[in-house]
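The values are calculated or read from the model by the stated rules, or taken from the named source; none is laboratory data. Computed from a predicted model, the values in this text were never measured in an experiment. Here the Cβ positions follow ideal geometry from the backbone for every residue, glycine too, while neighbour counts run over all protein chains shown.
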Amino acid sequence: MTILSGKARLAGITGWPVSHSRSPRLHGFWLERHGVDGAYVPLPIRPEDWTAAVKGLLAAGFAGCNVTIPHKVAAFEICDTVDASARRAGAVNTLVFHEGRITGSNTDGLGFLNNLRQHGVDPAAGPALLLGAGGSARAIAAVLLDLGVSVTVANRTREKADALAADLPGLAVIDWNRRHAAVADNALVVNTTPLGMGGQGDLPVDLSAGSPAVADIVYVPLETPLLADARARGLRTVGGLGMLLHQAVPGFQAWFGVEPVVDDELYRFVAADLLAA
Ligand code: NAP
């Protein structure tokens, strides 16, 4: 058990619900590894209470917090400033409190890129095909476009993909049923839908034409059916848990003053909890 001093730094994750979140476990791992006088706690907050609660955290001396479903868009409103990552992603997942002011950023895209890189996949190696056009697709599309990558989105609801493209100039859109044929034209295929997650059904996409790398941002199970299929075909695969770990790095650094590392020990520590669930 960590014994805190009166100067302990405090942060946490706001969501509704939040009991499923692995963020307290992963930040707790780093706090212990680095002997930080601080704590990172789950903060279940109903949507109607969120703004008052976060102002309360600010007033109570918290260093900041993470923001997860359903507060990521509302979090924009409370910020005094939002950085380019949040503006591009259209959502905030990390709040940093400093001298009474709130700065918002979105670290999902960076977490996605750094996870690819850690697995030996260069995100800028070639064009990318994103399956899905939700919040995470937007964050990922934005960072890939910023790297100069050609990005194509296929989404079940075409209008949603078109709306994303209107916000992110340069983004190409194809119909959902053209995703199979598009695989061969891309160096990277990314599942950003919840398909593949236990109980959600599998993502139907034909990988037989190949694509050097396949990434999934779903991490329950750790290896989704899509990734298992890609691995069986000899394609390079990247799972979603590493994105969760990497997206946490900037927040931890800002709140606790140490730049933490994502390594095998951390991965196994968080994965063990997923496997036990
Ligand atoms: P979201 O905003 O709700 O978007 C979901 C997307 O998936 C939409 O484009 C939706 O298409 C599509 N979709 C949903 N069900 C589908 C189905 N049955 N068939 C085809 N398409 C379907 O969700 P999100 O926030 O982007 O999150 C997506 C997934 O990523 C979740 O499982 C989440 O847990 C995971 N995630 C992981 C990380 C990480 O760190 N690894 C980070 C963020 C999110 P329509 O537009 O047609 O509805």
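A few points about this structure:
- Selected residue (only one of ALA53, ALA75 is in a helix (DSSP H, G or I) and buried (at least 19 other Cβ atoms within 10 Å of the Cβ)): ALA75
- One residue from VAL218, VAL270, VAL238 being under 21 Å from SER136 (Cβ atoms) and free of Cβ contacts under 8 Å to residues at least 60 places away in the same chain: VAL218
- Members of the stretch 231-268 found to be farther than 25 Å from ALA187 by Cβ and either more than 19 Å from the chain's Cα centre (by Cα) or surrounded by fewer than 17 Cβ atoms within 10 Å (Cβ to Cβ) (or both), listed by number: GLN253, PHE256, GLY257, VAL258, GLU259, VAL261, ASP263, ASP264, GLU265, ARG268
- Test for ALA215: is it modelled with pLDDT of 95 or more, over 23 Å from the mean Cα position of the chain (by Cα), more than 8 Å from the ligand (Cβ to nearest atom) and in the same structural domain as GLY126 (by TED's automatic domain parsing): no
- Single unsatisfied condition, THR107 versus (1) buried (at least 22 other Cβ atoms within 10 Å of the Cβ); (2) within 15 Å of the ligand (Cβ to nearest atom); (3) under 19 Å from ALA230 (Cβ atoms): (3)
- Enumerated strands (runs of 3 or more DSSP E) restricted to the stretch 78-162, each holding at least 3 residues that are not assigned by TED's automatic domain parsing to the domain that holds PHE62: 128-131, 151-155
- If you check GLY132, GLY198 for being closer than 19 Å to LEU244 by Cβ and crowded, with 17+ Cβ neighbours inside 10 Å, only one passes: GLY132.
- Selection count where residues are more than 17 Å from the chain's Cα centre (by Cα) and either surrounded by fewer than 18 Cβ atoms within 10 Å (Cβ to Cβ) or under 15 Å from GLY15 (Cα atoms) (or both), scope the stretch 59-72: 4
Every residue, every condition in (1) more than 16 Å from the ligand (Cβ to nearest atom); (2) without any contact (Cβ under 8 Å) to a residue 40 or more places away in the chain; (3) under 24 Å from PRO17 (Cα atoms), yes or no:
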position: CYS79; (1), (2), (3): yes, yes, yes
position: GLY100; (1), (2), (3): yes, no, no
position: GLY120; (1), (2), (3): yes, no, no
position: LEU131; (1), (2), (3): no, no, no
position: SER136; (1), (2), (3): no, no, yes
position: ALA141; (1), (2), (3): no, yes, no
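- Taken as a whole, the structure leaves ALA86 outside the set of residues that are farther than 30 Å from ALA60 by Cβ, free of Cβ contacts under 8 Å to residues at least 40 places away in the same chain, buried (at least 18 other Cβ atoms within 10 Å of the Cβ) and in contact with a helix residue (DSSP H, G or I) (Cβ under 9 Å, 6 or more places away or on another chain).
- Residues satisfying the stated conditions in the stretch 197-212, i.e. free of Cβ contacts under 8 Å to residues at least 60 places away in the same chain and more than 8 Å from the ligand (Cβ to nearest atom): GLY198, GLY199, ASP202, PRO204, ASP206, LEU207, SER208, ALA209, GLY210
- Which numbered condition ALA182 misses (of (1) crowded, with 18+ Cβ neighbours inside 10 Å; (2) in contact with an Asp or Glu (Cβ under 8 Å, 6 or more places away or on another chain); (3) farther than 30 Å from VAL96 by Cα): (2)
- Residues of the stretch 89-98 that turn out to be in contact (Cβ under 8 Å) with a residue 40 or more places away in the chain and within 15 Å of the ligand (Cβ to nearest atom), as a count: 5
- Residue check, LEU222 under 22 Å from the mean Cα position of the chain (by Cα), near the ligand (Cβ under 10 Å from one of its atoms) and over 18 Å from PRO123 (Cβ atoms): no
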